[in-house]
Amino acid sequence: MKYIRLDIFLLITVVLLAGCIGFFRGLIGKSRENARLKNNIEALTSDCLYFVSKDGKNAAEVKSLTLTVSELKAHNAQLAQELATLKIKPKHVHTMAQVSTGAHYTLTLTRDSTVFDTITATRYHYANEWIIINALCSGDTCDTEIVTRDSLLVVHHTRVRRFLCFTWNTYSGKTTIKNYNPYSAIQQITSITLKH
């Protein structure tokens with residue numbers, strides 16, 4: 001009789017302990033999901049912070065979105081399509097960044113009167129998606145304005161690890177960068193992963 005009561009007591013204890021563990025795991029999962037959604041709201045409502053670094057270079061800082069694969073496909077179809085064109089599966093992506101840069105040049109050229117004849121006012125204009133050139137030549141000077149744009153897609157890959165029936169993703173150290181501008185070329189890529 002004692003053994004039956006002890007067995008029932010142990011069974012009830014194990015069931016209650018399993019229920020408590022399941023409840024707290026669900027609670028932790030919900031709190032993580034709420035933190036992710038709160039971070040996404042902050043990222044969507046905050047602006048990009050532009051600043052100049054100590055060495056005088058332009059820099060920008062932005063908060064990152066944390067999306068699931070289904071959210072990426074539903075709300076950012078263009079990036080999902082770019083992954084498909086690069087033949088990268090969304091489950092193998094660690095992080096992605098899309099960067100647009102531009103440059104603005106203003107030039108004043110002076111013509112040598114011994115080589116060129118004096119020209120009356122002439123206006124030149126060339127524009128496409130990536131470059132705009134405006135020039136106004138009058139007399140011996142030519143004022144030129146050049147505006148260029150670049151757009152980059154940066155993808156950091158993950159590698160799927162498997163052991164028995166468990167799978168998990170680890171950062172693979174591979175980075176893919178796509179340049180949309182046909183007039184510029186990628187000169188250097190440096191990808192650094194810090195271990196803490």
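Laboratory data are not the source of any read-out in this text; all were calculated from the coordinates shown. Quick caveat: nothing in here was measured; it's all calculated off a predicted structure. Positions of Cβ are generated from backbone atoms using ideal geometry, with glycine treated the same way; all protein chains shown enter the neighbour counts.
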Can you work out the Karplus-derived ³J(HN,Hα) for every residue in the stretch 26-37? Use 6.51 cos²θ - 1.76 cosθ + 1.60 with θ = phi - 60°, whole Hz, and x for glycine or proline.
x, 5, 5, x, 5, 5, 5, 5, 5, 5, 5, 5
Given R₀ = 41 Å, what would the calculated FRET efficiency be for SER151 paired with ILE28, taking r from the Cβ atoms and rounding to 0.05?
0.55
Reachable lysines from LYS54, Cα under 25 Å, same-chain residues fewer than 8 places away excluded?
LYS63
Please list, in chain and number order, the residues 5+ apart from SER151 or on another chain whose amide H is under 5 Å from its amide H, with Hs placed from the backbone.
THR101, TYR180, ASN181
At a 10 Å Cβ-Cβ cut-off, how would you order ARG149, ARG161, ARG36, fewest neighbours first?
ARG161, ARG36, ARG149
Relative to the Cα centre, what is the charge dipole magnitude of the stretch 1-66, using +1 at the beta carbon of each Lys and Arg, -1 at the beta carbon of each Asp and Glu, and rounding to the nearest 20 debye?
300 debye
Between ALA74 and LEU16, what length comes free when the chain is fully extended (0.36 nm per residue of separation minus the Cα-Cα distance, one decimal in nm)?
16.9 nm
For a label point 7 Å along the Cα-to-beta-carbon line of TYR126, residues of the stretch 93-108 with backbone N under 20 Å:
102-108
Label point distance in nm, ALA185-HIS104, each placed 7 Å from Cα along Cα→Cβ
3.0 nm
For PHE163 and ILE41, what is the calculated FRET efficiency with R₀ set at 35 Å and r taken between the beta-carbons, to the nearest 0.05?
0.45
Scattering profile of the stretch 5-81 at q = 0.15, 0.18, 0.27 Å⁻¹ [log10 I(q)/I(0), Debye over alpha-carbon scatterers]
-0.77, -0.90, -1.15
